[in-house]
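Heads up: the structure comes next, in structure tokens.
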Amino acid sequence: MNIIATIRLIIKNKYAFTFIVFFGWIALFDSNSLIDRVDYISNVKELEKDKKYYKNKITESENRLLELRTNKLNLEKFAREHYYMKKDNEDIFVFVIKEWQPSLEK
């Protein structure tokens with residue numbers, strides 16, 4: 001049987017034709033179409049990955065905060081490194097290291 005004969009047979013059978021039209025409508029045009037479902041699933045996976053990342057960052061931050069609250073030397077080191085705080089008799093020098101890029105001129 002060729003393709004045209006198969007299509008005619010499906011169109012003559014009202015149940016098969018109704019099922020194909022209904023399935024096509026649901027798959028493509030409905031508000032909960034298969035295309036939207038695939039997008040939703042990929043979005044959920046990405047959000048779960050982000051959730052795991054942020055939970056790890058929160059745990060790291062809580063551990064760092066606990067360390068800063070319990071150890072005065074770490075607190076002083078943190079303040080000096082991040083906020084450039086200094087004692088009265090000290091000077092601070094900040095060195096900015098640039099990446100070396102080879103020049104194109106010779």
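Read-outs throughout are calculated quantities, based only on the coordinates presented, and are distinct from any laboratory measurement. Because the structure is a prediction, the values reported are computed rather than measured. Using ideal geometry, Cβ is built from the backbone for each residue, glycine included, and neighbour counts are taken over all protein chains shown.
Using Cβ point charges alone (K and R +1, D and E -1), the dipole size of segment 27-72 about the Cα centre works out to roughly 440 debye. Assuming charge only on the beta carbon of Lys and Arg (+1) and of Asp and Glu (-1), the dipole of the chain about its Cα centre is about 540 debye to the nearest 20. Within the chain, the longest segment free of exposed loop sites, counting chymotrypsin sites (Phe, Trp or Tyr not before Pro) that fall outside DSSP classes H, G, I, E and B and have at most 13 other Cβ atoms within 10 Å, spans 30-83.
Think of it as helices only: each DSSP H run of n ≥ 4 in the chain is worth -39500 (n - 2.57), and spread over all residues that comes to -23500 deg cm²/dmol at 222 nm. Comparing Ala16, Ala79, Ala27 in a Gaussian network model of the chain (Cα springs below 10 Å), the most mobile by mean-square fluctuation is Ala16.
Lysine pairs in segment 32-106 whose alpha-carbon atoms fall under 16 angstrom of each other, counting only those eight or more residues apart or on distinct chains, come to 6. Going toward the positive end of the dipole of segment 32-106, with +1 on Lys and Arg Cβ and -1 on Asp and Glu Cβ, which of Val38, Thr70, Tyr84 do you reach last? Positive-most Cα among the choices belongs to Thr70. Across segment 49-106, Cα-Cα pairs more than 19 Å apart make up 59 percent of the total. Spin-label model, Phe17/Glu67: points 7 Å from Cα along the beta carbon direction are separated by 7.3 nm.
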